[in-house]
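Report on one structure; see the data block that follows.
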Amino acid sequence: MTQILKDSIKIEYKLDQVTPISKYEMNAYNVPFAGNTSMCREVFVKGERKLEFSIDGDMSLSQIMQKPVFRDELVEYIFSISKQLVSVIQNGLAPEKVVWDTNYMYVRFSDFSIQLLYLPFESKFDKKDIGEFVKSILSGFVYAHTPAIECANQIVDYFNDHREFDAFHFNEFVSDLRASSQLLIIQGEKGKSKVLTSNDNNKEFAIHKAEEAARKAEEARMQAENEVKRQIEEAKYQAEVARQAEETRMKAEAARVEAEIWRQKVTAEAKDYEQTAVLTAQDMYSYQAIPMTVRGLRLKKCSGMPRRSESGQRRFHRSMQMR
């Protein structure tokens, strides 16, 4: 995992719980040497054992290889590698433990130095054909002009003529190439250096700076576009949340209105029932207050009994007199 911070690049190399680390090799690597000012330490993150590198670089070599490279710039990259190899051997470290991967070699723009990573393990590593590695990165560069191509061919010819790689001899060869360079590297404090240029090389250096400025401008543009996209997505999300909230509110309001309608309906029905009950009670009370004779007559009258004729009434009265 790679994490770019303000002052350095952090890389974590995962370890198992048993791989032994050489304290001597770690301490030797952490002392600035040949332009390398990177450091490593053993850390534990959430129970995981890791080797953490703090790299004093700006961009990986694999990224640098995607843009046109000038002759003197190329020489500085190769010289940085050869010079560090010599220091690695002189400090009793093993060159094969260097991380030979351009994705994990970081270039510091201030002096074109390459920050090599080193794995300080007590175990032995397989031998690495450094000559073949250098030729592979030379074949991966994009060259800005003919002098850069000619310089790369000189280095390839060197490896073709020297099958056995010798770090010290190779460093001398690259130093000779560097002697004709128009870049002047001044050693500074804490292993850092500064690049000075001659008047004849100002144009080339200006082109390099312009390309670097263009790259940074492109990165800033991409970051701005990503930020705009993020803000648009955030606005869409907020609008969707607001829409869902409004929809929920409208549903709640509809439910409230429906509940109010039912409440009014139930209240009206309750009132109607109450009035019906009162009227029924009043009718029953009035019925109970009528005398029994009148109630009987009313009952007969209401029951629809036929009325006697006049002759029938006379017979009824004579009968009652005889009795």
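Some observations on this one:
- Applying the criteria of a DSSP loop state and at most 15 other Cβ atoms within 10 Å to the GluC sites (Glu not before Pro) of the stretch 111-154 yields GLU122.
- Mean Cβ neighbour count within 10 Å, used as a protection proxy, ranking 250-259, 39-48 highest first: 39-48, 250-259
- Sorting 133-143, 239-249 by average packing, meaning the other beta carbons within 10 Å per residue, from highest down gives 133-143, 239-249.
- Separation of the alpha carbons by more than 26 angstrom is noted, of LYS10/LYS229; LYS14/LYS216; LYS14/LYS127, for LYS10/LYS229; LYS14/LYS216.
- Looking at the stretch 74-130, the trypsin sites (Lys or Arg not before Pro) that sit in a DSSP loop and have at most 10 other Cβ atoms within 10 Å of their own Cβ are LYS124, LYS127.
- Placed amide H near GLY57: partners under 5 Å, 5+ positions off or other chain: ILE9
- A probe of 1.4 angstrom, applied to the heavy atoms of all protein chains, finds ILE9 with accessible area near 0 square angstrom.
- Computed on the stretch 81-122, with alpha-carbon pairs under 8 angstrom and 6+ residues apart, the relative contact order is 35 percent.
The values are calculated or read from the model by the stated rules, or taken from the named source; none is laboratory data. Everything numeric here is computed off the predicted structure, so don't read it as measured data. Note that each Cβ is placed from the backbone with ideal geometry, even for glycine, and that neighbours are counted across all protein chains shown. The protein model used for the area step is the full one, side chains on, heavy atoms only, and it has no ligands, DNA or RNA in it. Shrake-Rupley method; radii C 1.70, N 1.55, O 1.52, S 1.80 Å.
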